[in-house]
Amino acid sequence: QVQLVESGGGLVQAGGSLRLSCVASTRAFSSYAMGWFRQAPGKEREFVAAISRGGGTTYYADSVKDRFTISRENAKSTVYLQMNSLKPEDTAGYYCAARTVASKFSYDYDYWGQGTQVTVSS
(Lines give C-alpha, C1' and ligand atoms only; values in the text may rest on other atoms or scores of the structure.)
Protein backbone atom coordinates (compact mmCIF):
# COMPACT_ATOMS: atom_id res chain seq x y z
CA GLN A 1 0.00 0.00 0.00
CA VAL A 2 1.30 3.43 -0.96
CA GLN A 3 0.07 6.58 0.73
CA LEU A 4 0.34 9.86 -1.12
CA VAL A 5 0.11 13.29 0.48
CA GLU A 6 -0.18 16.45 -1.59
CA SER A 7 0.65 19.97 -0.47
CA GLY A 8 1.28 23.41 -1.92
CA GLY A 9 -2.18 24.41 -3.04
CA GLY A 10 -3.69 27.79 -2.29
CA LEU A 11 -5.19 30.99 -3.64
CA VAL A 12 -3.25 32.84 -6.33
CA GLN A 13 -4.00 35.61 -8.80
CA ALA A 14 -4.16 34.93 -12.51
CA GLY A 15 -0.66 34.93 -13.97
CA GLY A 16 0.87 33.71 -10.74
CA SER A 17 2.65 30.48 -9.87
CA LEU A 18 2.35 27.61 -7.43
CA ARG A 19 4.37 24.47 -6.85
CA LEU A 20 2.56 21.35 -5.71
CA SER A 21 4.35 18.51 -3.96
CA CYS A 22 3.31 14.93 -3.43
CA VAL A 23 5.20 12.74 -0.97
CA ALA A 24 4.88 8.95 -1.15
CA SER A 25 5.17 6.61 1.82
CA THR A 26 7.26 4.00 0.10
CA ARG A 27 10.96 3.27 -0.25
CA ALA A 28 10.15 1.83 -3.67
CA PHE A 29 9.10 5.21 -5.05
CA SER A 30 11.32 4.78 -8.10
CA SER A 31 9.20 1.74 -9.04
CA TYR A 32 6.19 3.96 -9.66
CA ALA A 33 5.28 6.30 -12.44
CA MET A 34 3.42 9.32 -11.13
CA GLY A 35 0.58 11.40 -12.44
CA TRP A 36 -1.22 14.60 -11.57
CA PHE A 37 -4.94 14.96 -12.19
CA ARG A 38 -7.42 17.70 -11.36
CA GLN A 39 -11.13 17.95 -10.78
CA ALA A 40 -13.27 21.07 -10.71
CA PRO A 41 -16.74 21.08 -9.12
CA GLY A 42 -19.28 19.43 -11.40
CA LYS A 43 -16.63 18.24 -13.83
CA GLU A 44 -14.88 14.97 -14.55
CA ARG A 45 -11.41 14.31 -13.21
CA GLU A 46 -8.92 15.18 -15.94
CA PHE A 47 -5.32 14.36 -16.69
CA VAL A 48 -2.76 17.10 -16.11
CA ALA A 49 0.71 15.54 -16.31
CA ALA A 50 2.60 12.30 -15.79
CA ILE A 51 6.22 11.27 -15.37
CA SER A 52 8.00 7.95 -15.85
CA ARG A 53 9.69 6.06 -13.03
CA GLY A 54 13.11 7.47 -13.77
CA GLY A 55 11.85 10.93 -14.68
CA GLY A 56 13.15 10.81 -18.21
CA THR A 57 9.75 10.92 -19.92
CA THR A 58 6.96 13.37 -19.22
CA TYR A 59 3.44 13.81 -20.57
CA TYR A 60 1.16 16.85 -20.45
CA ALA A 61 -2.40 17.75 -21.24
CA ASP A 62 -2.58 20.27 -24.07
CA SER A 63 -4.26 22.75 -21.74
CA VAL A 64 -1.20 22.97 -19.47
CA LYS A 65 1.66 22.33 -21.87
CA ASP A 66 4.32 25.06 -21.72
CA ARG A 67 2.88 26.34 -18.41
CA PHE A 68 3.20 23.37 -16.05
CA THR A 69 6.24 21.20 -15.37
CA ILE A 70 6.21 17.81 -13.65
CA SER A 71 9.39 16.55 -12.00
CA ARG A 72 10.44 14.09 -9.32
CA GLU A 73 13.11 13.45 -6.73
CA ASN A 74 13.27 9.72 -6.13
CA ALA A 75 15.61 10.14 -3.17
CA LYS A 76 12.87 12.14 -1.44
CA SER A 77 9.95 10.03 -2.71
CA THR A 78 8.44 13.23 -4.02
CA VAL A 79 6.84 14.39 -7.25
CA TYR A 80 6.29 18.06 -8.05
CA LEU A 81 4.04 20.09 -10.30
CA GLN A 82 5.33 23.57 -11.03
CA MET A 83 2.44 25.67 -12.30
CA ASN A 84 3.17 29.00 -13.99
CA SER A 85 0.97 31.53 -15.78
CA LEU A 86 -2.05 30.25 -13.89
CA LYS A 87 -5.52 30.94 -15.25
CA PRO A 88 -8.91 30.94 -13.51
CA GLU A 89 -9.78 27.79 -15.45
CA ASP A 90 -6.95 25.99 -13.64
CA THR A 91 -9.01 26.21 -10.44
CA ALA A 92 -9.59 22.66 -9.18
CA GLY A 93 -8.61 20.05 -6.64
CA TYR A 94 -5.27 18.58 -7.70
CA TYR A 95 -4.50 14.92 -7.03
CA CYS A 96 -1.36 12.88 -7.43
CA ALA A 97 -1.51 9.22 -8.31
CA ALA A 98 0.87 6.29 -8.66
CA ARG A 99 1.12 3.19 -10.84
CA THR A 100 3.90 1.14 -12.38
CA VAL A 101 3.71 2.69 -15.85
CA ALA A 102 2.78 6.28 -16.71
CA SER A 103 -0.69 6.76 -18.10
CA LYS A 104 -3.03 9.60 -19.01
CA PHE A 105 -6.05 7.70 -17.75
CA SER A 106 -7.18 8.02 -14.16
CA TYR A 107 -8.65 4.51 -14.08
CA ASP A 108 -5.17 3.07 -14.62
CA TYR A 109 -3.79 4.40 -11.35
CA ASP A 110 -3.63 2.25 -8.22
CA TYR A 111 -2.97 4.81 -5.52
CA TRP A 112 -4.31 8.31 -4.96
CA GLY A 113 -3.72 11.20 -2.61
CA GLN A 114 -6.43 13.22 -0.90
CA GLY A 115 -5.83 16.26 -3.06
CA THR A 116 -4.90 19.90 -2.60
CA GLN A 117 -7.06 22.83 -3.69
CA VAL A 118 -5.82 25.40 -6.18
CA THR A 119 -7.88 28.53 -6.68
CA VAL A 120 -6.92 31.13 -9.28
CA SER A 121 -8.64 34.50 -9.05
CA SER A 122 -9.15 36.74 -12.06
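Once the trypsin sites (Lys or Arg not before Pro) in DSSP loops with at most 14 neighbouring Cβ atoms within 10 Å are cut out of the chain, the longest remaining piece is 66-122.
Between residue 11 and residue 40, the FRET efficiency from the beta-carbon distance, with R0 = 22 Å, is close to 0.90. Under a Cβ-Cβ cut-off of 12 Å, what is the net charge of the residues other than residue 100 that fall near it, where Lys and Arg count +1 and Asp and Glu count -1? Local charge sum for residue 100: 0. Find out how many positive minus negative residues lie around residue 83, taking Lys and Arg as positive, Asp and Glu as negative, among other residues whose Cβ is under 11 Å from that of residue 83. Every neighbour counted, the sum reads +3.
Summing charges over all other residues whose Cβ lies under 13 Å from the Cβ of residue 33, with Lys and Arg as +1 and Asp and Glu as -1, gives +2. Note on the chain: with charges restricted to the Cβ of Lys and Arg (+1) and Asp and Glu (-1), its dipole about the Cα centre is near 240 debye.
At 4 °C and a viscosity of 1.567 mPa s, what translational diffusion coefficient does Stokes-Einstein give for the chain, taking Rh as the Kirkwood radius over Cα pairs? Give it in µm²/s as a whole number.
Values: Rh = 14.0 Å.
Diffusion coefficient, whole number: 92 µm²/s.
How large a share of the accessible area of the chain, in percent, is made up of carbon and sulfur atoms when the probe is 1.4 Å and the other protein chains stay in place? Answer for the chain: carbon and sulfur cover 44 percent of the accessible area. Each of residue 84 and residue 63 was given a label point 7 Å from its Cα along the Cα-to-Cβ line. The distance between the two points is 2.1 nm.
In this structure the chain gives 52 Å² per residue of accessible area when probed at 1.4 Å with all protein chains present. Computed extension length for residue 122-residue 28: 29.8 nm, one decimal, from 0.36 nm per residue of separation with the Cα-Cα distance subtracted. In this simple spin-label model, placing a label point 7 Å from the Cα along the Cα-to-Cβ direction at both residue 74 and residue 106 gives a separation of 2.9 nm.
The values are calculated or read from the model by the stated rules, or taken from the named source; none is laboratory data. Only a predicted model underlies this, so the values are computations on that prediction, with no experimental measurement involved. Note: ideal-geometry Cβ built from the backbone for every residue, glycine included; neighbour counts use all protein chains shown. Please note that ligands, DNA and RNA were not included when accessible areas were found on the heavy atoms of the full protein model with its side chains. Shrake-Rupley method; radii C 1.70, N 1.55, O 1.52, S 1.80 Å.
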